Amino acid sequence: MIDDRSEKIAIRRKRLRFRAQRRGFKEVDLIFGAFADAHLADLSSDEMDQFEALLEAPDPDVYRWLKGDEDVPGEYDTAVFAKMKALCARGKLAWNG
């Protein structure tokens with residue numbers, strides 16, 4: 001049973017990584033992909049839920065939140081979003097737009 005659970009978690013992580021890299025908005029693809037590469041393996045189930053919620057959010061909104069152009073709505077202002085924003089700050093991304 002433990003192996004089945006571990007396999008399901010591994011499949012979920014692979015699916016999230018794929019979605020993170022293919023959102024359709026280049027800048028957000030790069031940010032989500034870098035975040036997945038850096039953190040996905042260590043996320044708890046709850047954190048994967050938070051990441052998945054961010055994947056469901058519209059790309060332009062996420063981009064504005066990460067840039068600090070708009071406040072992050074409460075349902076997305078999570079520990080995972082904070083890690084993603086910190087990754088952007090460390091990467092010294094050049095925000096275009």
Across the stretch 33-47, what is the total count of residues that are in contact with a Phe, Trp or Tyr (Cβ under 9 Å, 6 or more places away or on another chain) and under 15 Å from A82 (Cβ atoms)? 3
Out of R17, R12, report the one residue that is among the charged types (D, E, K, R), farther than 19 Å from Y76 by Cα and in contact with an Asp or Glu (Cβ under 9 Å, 6 or more places away or on another chain). R12
Residue satisfying all of: in the stretch 57-67; within 18 Å of L16 (Cα to Cα) and not small (G, A, S); surrounded by the fewest Cβ atoms within 10 Å (Cβ to Cβ) among these: P58
Has the stretch 8-22 got at least one residue that is buried (at least 16 other Cβ atoms within 10 Å of the Cβ), under 10 Å from the mean Cα position of the chain (by Cα), under 16 Å from A86 (Cα atoms) and among the aliphatic types (A, V, I, L, M)? no
Options E52, E47, E70, E27; residue that is outside any helix (DSSP H, G or I) and surrounded by 11 or more Cβ atoms within 10 Å (Cβ to Cβ): E70
May I ask you to verify whether L16 is among the aliphatic types (A, V, I, L, M), out of contact with any Lys or Arg (no Cβ under 9 Å at 6 or more places or on another chain) and without any contact (Cβ under 8 Å) to a residue 60 or more places away in the chain? yes
Look at D77 and say whether it is surrounded by fewer than 16 Cβ atoms within 10 Å (Cβ to Cβ) and under 11 Å from the mean Cα position of the chain (by Cα). no
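Every read-out reported here was derived from the displayed coordinates using simple, explicitly stated rules and does not represent laboratory data. All values reported here derive from a predicted model rather than from experimental measurement. We place every Cβ from the backbone using ideal geometry, glycine too, and count neighbours over all the protein chains shown.
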